[in-house]
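*Asks:* The structure under discussion is supplied below as structure tokens; questions concerning it will follow.
The values are calculated or read from the model by the stated rules, or taken from the named source; none is laboratory data. Please read all numbers here as calculations on a predicted model, not as lab measurements. Note: ideal-geometry Cβ built from the backbone for every residue, glycine included; neighbour counts use all protein chains shown. The protein model used for the area step is the full one, side chains on, heavy atoms only, and it has no ligands, DNA or RNA in it. Shrake-Rupley method; radii C 1.70, N 1.55, O 1.52, S 1.80 Å.
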Protein chains: 2
Amino acid sequence: MIGRYQLTKINIFLMVSILMHFHAYIEADQTKTLTVNPKRLEQRIEKLAEFGKTPEGGVNRVAFSENDIQSREYIHSIMKDAGLKTHIDEAGNIMGRMEGIDPSLPPIAFGSHTDTVPHGGKFDGAVGVLTAIECVQVLAENSVKTRHPLEVIVFTDEEGGLIGSKAIIGTLTSEALEVISHSGKTVREGIVSLGGNPDDLNSAIRKKGEIKAFIEIHIEQGNTLASKNIDIGVVEGIVGINWWDVTIEGFANHAGTTPMDRRQDALLAAAHLIIAVNKVATGVPGCQVGTVGRIKAEPGAPNVIPGKVVMSLELRDLSADKIDSLFQEIVQRADVIAEKTGTKIAFSPIEATAVPSPTDPSIKKIITEAARELGLSYLSMPSGAGHDAQSMAKIAPTGMIFVPSMGGVSHSPKEFTPVKDIANGANVLLNTILRIDSTF
Amino acid sequence: MIGRYQLTKINIFLMVSILMHFHAYIEADQTKTLTVNPKRLEQRIEKLAEFGKTPEGGVNRVAFSENDIQSREYIHSIMKDAGLKTHIDEAGNIMGRMEGIDPSLPPIAFGSHTDTVPHGGKFDGAVGVLTAIECVQVLAENSVKTRHPLEVIVFTDEEGGLIGSKAIIGTLTSEALEVISHSGKTVREGIVSLGGNPDDLNSAIRKKGEIKAFIEIHIEQGNTLASKNIDIGVVEGIVGINWWDVTIEGFANHAGTTPMDRRQDALLAAAHLIIAVNKVATGVPGCQVGTVGRIKAEPGAPNVIPGKVVMSLELRDLSADKIDSLFQEIVQRADVIAEKTGTKIAFSPIEATAVPSPTDPSIKKIITEAARELGLSYLSMPSGAGHDAQSMAKIAPTGMIFVPSMGGVSHSPKEFTPVKDIANGANVLLNTILRIDSTF
């Protein structure tokens with residue numbers, strides 16, 4: 001037994017010496033032909049989708065739910081498998097670090113999130129996390145050492161309003177901590193359940209300059225790439241998003257005894273307003289969108305005229321000015337509707353989820369070159385969806401890589417991206433990381 | 001002690017003899033000047049409103065709730081106070097009986113309900129029950145004995161779909177028992193909680209001919225009487241009510257990345273349909289009404305285009321044919337909306353709450369004569385609301401007396417009827433009972 005033990009020790013010593021020597025030589029310019037492992041990526045996407053799997057083939061893994069918590073153990077295990085040293089920061093973000101050759105350099109960071117909307121799909125967020133881990137694993141397997149440290153970030157509760165990335169840039173408010181998330185827990189309770197410490201969020205903050213660059217891969221969630229048969233979207237900016245609660249006050253009354261001409265029906269007013277939002281959003285050229293996604297009518301009985309409706313209004317565009325002008329037109333139309341229906345309509349802004357957020361031109365150029373070199377087709381495009389990248393853009397040069405979403409479907413059990421497209425994105429990410437590492 | 005006891009026994013014997021003799025003489029034609037006690041009526045309305053009182057001055061006493069159960073104990077106590085012998089039937093209805101002179105005659109029945117809609121008012125239902133008890137109490141106080149037995153009925157769960165009166169006429173279905181009521185209990189569980197026995201509902205059935213007549217007082221719940229300053233509504237019939245669940249299937253998708261022209265927004269389609277219902281209901285002359293009171297959009301997040309909406313549709317009219325033609329027009333418009341919005345719209349009838357139900361012409365005549373004799377103004381009118389009277393009309397000659405609702409407000413904390421108007425109605429009821437007893 002002692003003899004075997006000594007032999008093993010000698011073997012390890014020899015292997016480590018050889019590897020260190022090897023690492024010192026393999027750097028970015030020798031590694032252009034590295035590619036990710038599509039098979040492993042696919043297996044991991046399917047495995048991750050088991051956590052919160054729904055009968056419709058989707059995933060219900062809202063942040064802080066039992067499904068979310070269990071899935072993070074799996075993510076931890078594959079991050080370790082890829083050679084990353086992991087820890088949970090105070091906001092519950094999973095941080096995985098691979099040291100670089102030069103300890104004085106800031107890390108190149110990349111990642112996304114693993115939480116989903118209620119009844120979501122298996123690609124949104126997951127693709128960004130699993131491709132990030134895959135890139136590190138390929139580097140490790142090929143014994144490639146970068147100059148900069150590498151950091152994979154798995155953000156907390158993206159779908160609830162970029163909670164984890166806001167904490168990292170220091171903009172997560174104490175009010176946001178008290179919001180009740182889809183899990184039923186407050187965000188504060190949720191962060192605790194992930195192993196974070198909401199009382200010490202300052203320790204999670206990363207200052208400007210502390211991160212060399214941040215890159216996020218995400219499914220497009222629109223149908224532009226898929227319908228045009230383009231491999232890669234190079235994101236030029238993330239649209240601004242504004243949310244309002246719209247409250248319509250009418251008069252609750254008996255549906256059988258109140259003649260049609262004496263009603264102050266809040267739901268009828270809401271119907272006119274929903275159509276007005278659609279008309280305003282489609283009435284001018286551009287990529288703006290306007291949505292009413294949530295509605296509640298009170299008292300909510302079939303035989304009572306609704307006296308009150310509360311509904312959401314969301315507007316998105318790459319220009320904050322345009323969002324404002326669309327909103328003003330909606331308010332004007334609401335005034336007319338209120339007058340005609342005998343109701344009162346009030347708009348109450350909910351914390352603006354995001355101001356428009358352009359990506360970094362240099363990073364965009366590097367992503368473009370990486371795609372071109374890999375022989376992939378690419379398109380410069382806005383992101384209609386919000387992403388953790390828009391937070392990170394506040395503290396680091398940031399870029400985003402889109403891969404196609406079949407039919408543009410997302411936030412749905414039916415969202416789908418072929419593994420070939422995911423692997424393309426991962427190869428662009430890998431190439432981008434190495435280009436930033438060597439030249440940026 | 002023995003001497004006093006004997007004296008008491010003799011006194012009671014004498015009093016009973018005198019009263020019985022007295023009763024035999026005081027009959028309908030001597031009692032025309034009897035009137036109810038407005039002060040007591042008012043006190044009881046306020047007392048009953050304590051059960052489920054809301055900060056807005058309304059009442060939240062949905063059937064089978066703790067508030068409902070406790071209020072029934074109070075009702076029991078005042079029924080006994082009025083000299084009624086009470087019992088709970090198998091459907092949970094409270095039945096109070098005052099024997100008449102001729103035991104071979106069927107009872108004259110009257111009453112209403114004490115449950116409310118969620119966040120309702122203190123007059124709907126309560127007025128009918130408390131005036132019924134008041135009439136019996138005035139007769140008892142004045143030692144007036146009717147030929148027919150009198151029965152006060154406090155119906156179970158009127159607001160949930162005439163549950164108690166449907167049980168009495170034998171039309172309560174086993175499916176209806178499994179419906180979850182606003183209390184959170186199923187109707188079956190609710191009936192048990194009131195002391196009924198849902199496994200033996202057949203024993204609650206009253207056959208045609210078993211009840212001489214049924215009369216219900218109710219607040220008008222519309223603004224006709226109050227706006228025209230008329231004391232009494234003589235109800236000519238109760239409108240038919242049809243309910244549907246309308247399901248709109250669109251496609252749930254990301255609100256940021258799905259361009260406006262590629263959406264299949266179920267809530268946008270619902271908005272068009274709500275407006276169509278309003279247009280159809282207001283597009284022809286008549287007193288028909290059409291209402292969408294309940295709506296649910298899924299998944300219900302501000303950043304997801306609703307993929308599914310389920311909403312209620314209610315149509316009411318005195319003519320079943322008209323309800324049918326209005327519905328057909330709504331379906332036609334729905335087809336156009338579905339086509340334009342890329343959705344599917346399906347209508348699923350919910351158990352028809354009621355077919356149009358005319359009142360009995362003889363009873364209507366008696367109510368009219370009673371009002372005229374009391375010097376009250378009156379108007380023949382339909383009931384836009386459903387009532388237990390429409391069930392009872394299936395097994396007994398039935399009439400309804402309306403009293404004004406200020407501003408036509410009902411099913412609301414703001415519903416209000418002055419006690420003077422309630423006392424007018426109660427006097428018409430008392431006079432009507434005595435007329436039916438002596439002449440009908």
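*Asks:* If you find the alpha carbon centre of region A:396-436 and of region A:69-104, how far apart are they in angstrom?
*Replies:* Measuring centre to centre over Cα atoms gives 21 Å.
*Asks:* Right, something else. Order B:Asp102, A:Asp421, B:Asp231, A:Asp199, most accessible first, counting only protein heavy atoms with a 1.4 angstrom probe.
*Replies:* Values: B:Asp102 55, A:Asp421 10, B:Asp231 30, A:Asp199 125 Å².
Sorted by accessible area, descending: A:Asp199, B:Asp102, B:Asp231, A:Asp421.
*Asks:* Between A:Ile101 and the same site in the other copies, what are the distances in nm, shortest first, taking label points 7 Å from Cα along the C-beta direction?
*Replies:* 11.8
*Asks:* To continue, here is another question. For the protein assembly as shown, what is the mean residue ellipticity at 222 nm derived from helices alone (per DSSP H run of n ≥ 4: -39500 (n - 2.57); sum divided by total residues; nearest 500 deg cm²/dmol)?
*Replies:* -12000 deg cm²/dmol
*Asks:* Please report the net charge: other residues with Cβ closer than 14 Å to the Cβ of B:Gln43, K and R +1, D and E -1. Before the final figure, lay out each step's value.
*Replies:* Working: positive: B:Lys39, B:Arg40, B:Arg44, B:Lys47, B:Lys122; negative: B:Glu42, B:Glu46, B:Glu50, B:Asp81, B:Glu134.
Surrounding charge for B:Gln43 is 0.
*Asks:* Taking amide H positions as placed in the peptide plane 1.01 Å from N, state which residues far from A:Val403 in sequence (5 or more) or on other chains have amide H under 5 Å from it.
*Replies:* A:His218, A:Ile219, A:Glu220, A:Gly233
*Asks:* Using a 1.4 Å probe, how large is the accessible area of A:Ser362, given in Å² and rounded to the nearest 10?
*Replies:* A:Ser362 has an accessible surface of roughly 50 Å² with all protein chains in place.
*Asks:* Further, regarding this structure: Which of rounded, prolate, oblate describes region B:172-288, given a ≥ b ≥ c as roots of the alpha-carbon gyration tensor eigenvalues and a/c under 1.5 marking rounded, otherwise prolate only if a/b is larger than b/c?
*Replies:* Oblate.
*Asks:* Here is a further query. Roll a 1.4 Å probe over the protein heavy atoms and report the accessible area of B:Cys287 in Å², nearest 10.
*Replies:* Counting only protein heavy atoms, the figure is 70 Å².
*Asks:* On a C-alpha basis, how far is the centre of region B:259-280 from the centre of region B:227-246 in Å? Whole number, if you could?
*Replies:* For region B:259-280 versus region B:227-246, the Cα centre distance is 30 Å.
*Asks:* How far is helix A:361-373 tilted off the main Cα axis of chain A, in degrees rounded to 10, range 0 to 90?
*Replies:* Helix A:361-373 and the main axis of chain A meet at about 60 degrees.
*Asks:* At B:Arg147, label 7 Å along Cα→Cβ: distances to the other copies, nm, ascending?
*Replies:* 11.4
*Asks:* Can I ask one more? Would you list B:Asp81, A:Asp360, B:Asp388 from the most to the least accessible area, probe 1.4 Å?
*Replies:* Working: B:Asp81 100, A:Asp360 40, B:Asp388 0 Å².
In descending accessible area the options line up as B:Asp81, A:Asp360, B:Asp388.
*Asks:* Now, a different point. Using only Cα atoms, tell me the angle between helix B:66-81 and the longest principal axis of chain B; keep it within 0 to 90° and round to the nearest 10.
*Replies:* Helix B:66-81 sits roughly 20 degrees off the main axis of chain B.
*Asks:* Further question: List the residues whose amide H sits under 5 Å from the amide H of A:Ser319, counting only those 5 or more places along or on another chain, with H placed 1.01 Å from N in the peptide plane.
*Replies:* HN-HN under 5 Å from A:Ser319: A:Gly240.
*Asks:* Moving to a separate point now. Could you give me the percent of Cα pairs per 10 Å distance bin for region A:94-197, shortest bin first, beginning at zero and ending with the bin that holds the maximum distance?
*Replies:* Taking every Cα pair in region A:94-197, the percentages come to 14, 39, 30, 14, 3.
*Asks:* How many Lys pairs in region B:240-352 lie less than 21 angstrom apart by Cα atoms, where the lysines are 8 or more positions apart or on different chains?
*Replies:* Total qualifying Lys-Lys pairs in region B:240-352 comes to 7.
*Asks:* How big is the antiparallel share of DSSP beta bridges in the protein assembly as shown, given as a percent to the nearest 5? Mind dumping the intermediate values first?
*Replies:* Values: 88 of 130 bridges.
In the protein assembly as shown, approximately 70 percent of DSSP beta bridges are antiparallel ones.
*Asks:* Could you tell me the distance between the Cα centroids of region B:161-216 and region A:136-154, to the nearest Å?
*Replies:* 72 Å
*Asks:* Using r as the Cβ-Cβ distance of B:Asp102 and B:Ile180, and R0 as 51 Å, what FRET efficiency do you calculate, to the nearest 0.05?
*Replies:* Efficiency, from the Cβ-Cβ distance: 0.70.
*Asks:* Another question about this same structure. Kindly provide the trypsin sites (Lys or Arg not before Pro) of region B:159-238 that DSSP labels as loop, not H, G, I, E or B, and whose Cβ sees at most 15 other Cβ atoms within 10 Å. Each step should come with its number before you reach the end.
*Replies:* Values: sites: B:Lys166, B:Lys185, B:Arg188, B:Arg206, B:Lys207, B:Lys208, B:Lys212, B:Lys228; in loops: B:Lys185, B:Arg206, B:Lys207, B:Lys208, B:Lys212.
Answer in residue order: B:Lys207, B:Lys208.
*Asks:* Please list B:Phe214, B:Phe416, B:Phe251, A:Phe440 in order of solvent-accessible area, largest first, computed with a 1.4 Å probe with all protein chains present.
*Replies:* B:Phe416, A:Phe440, B:Phe251, B:Phe214
*Asks:* What is the sum of charges around A:Glu210, taking Lys and Arg as +1, Asp and Glu as -1, for the other residues whose C-beta is under 15 Å from the C-beta of A:Glu210? Could the numbers behind the result be given before it?
*Replies:* On the way: positive: A:Arg97, A:Arg206, A:Lys207, A:Lys208, A:Lys212, A:Lys394; negative: A:Asp89, A:Glu151.
Here the charged neighbours net out to +4.
*Asks:* Here's something else I'd like to know. Between B:Val192 and B:Ser348, how high is the FRET efficiency from 1/(1 + (r/R0)^6) when r is the Cβ-Cβ distance and R₀ = 25 Å? Nearest 0.05.
*Replies:* Between B:Val192 and B:Ser348 the formula returns 0.30.
*Asks:* B:Asp81 to B:Glu210: FRET efficiency via 1/(1 + (r/R0)^6), r the Cβ-Cβ distance, R0 35 Å, to the nearest 0.05?
*Replies:* 0.85
*Asks:* Moving on to the next point. So which residue of B has the beta-carbon closest to the axis that swings B onto A, and how many whole Å away?
*Replies:* Nearest Cβ to that rotation axis, in whole Å: B:Ala271, 2.
*Asks:* Quick one: net charge around A:Ile153, please, counting Lys, Arg +1 and Asp, Glu -1 for every other residue with C-beta under 12 Å from its C-beta.
*Replies:* So the environment of A:Ile153 carries a net charge of -3.
*Asks:* With a cut-off of 8 Å between alpha carbons and a minimum separation of six or more residues, what is the relative contact order of chain A in percent? Don't skip to the end; give the middle numbers.
*Replies:* Numbers: 972 pairs, mean separation 96.6, N = 440.
Averaging sequence separation for qualifying contacts and normalising by length gives 22 percent for chain A.
*Asks:* Also, quick follow-up: Considering only DSSP beta bridges where both residues belong to chain B, give the percentage that are antiparallel (nearest 5).
*Replies:* The antiparallel fraction comes to roughly 70 percent.
*Asks:* Which percent, nearest 5, of DSSP beta bridges in region B:68-182 are antiparallel?
*Replies:* 60 percent
*Asks:* Continuing with the same structure: How many nm is it between the label spots at A:Val419 and A:Glu339, if each spot is 7 Å from the Cα in line with the beta carbon?
*Replies:* 6.2 nm
*Asks:* Distance in nm between label sites at A:Gln43 and B:Val355, each 7 Å beyond Cα in the beta-carbon direction?
*Replies:* 6.8 nm
*Asks:* Radius of gyration and Dmax for the protein assembly as shown's Cα atoms, expressed in Å?
*Replies:* 36.3, 125
*Asks:* Who wins for biggest fluctuation among B:Asn67, B:Asn427, B:Asn253 in a Gaussian network model of chain B, springs between alpha carbons below 10 Å?
*Replies:* It is B:Asn253.
*Asks:* Whole-Hz ³J(HN,Hα) for each residue in region A:170-182, computed from phi via Karplus 6.51 cos²θ - 1.76 cosθ + 1.60 with θ = phi - 60°, x for glycine and proline: what do you get?
*Replies:* Calculated HN-Hα couplings, in order: x, 10, 6, 7, 5, 4, 4, 5, 8, 5, 7, 7, 4 Hz.
*Asks:* About the Cα centre of chain A, what is the dipole size in debye to 20, counting +1 per Lys and Arg Cβ and -1 per Asp and Glu Cβ, all else neutral?
*Replies:* In debye, rounded to 20, chain A gives about 640.
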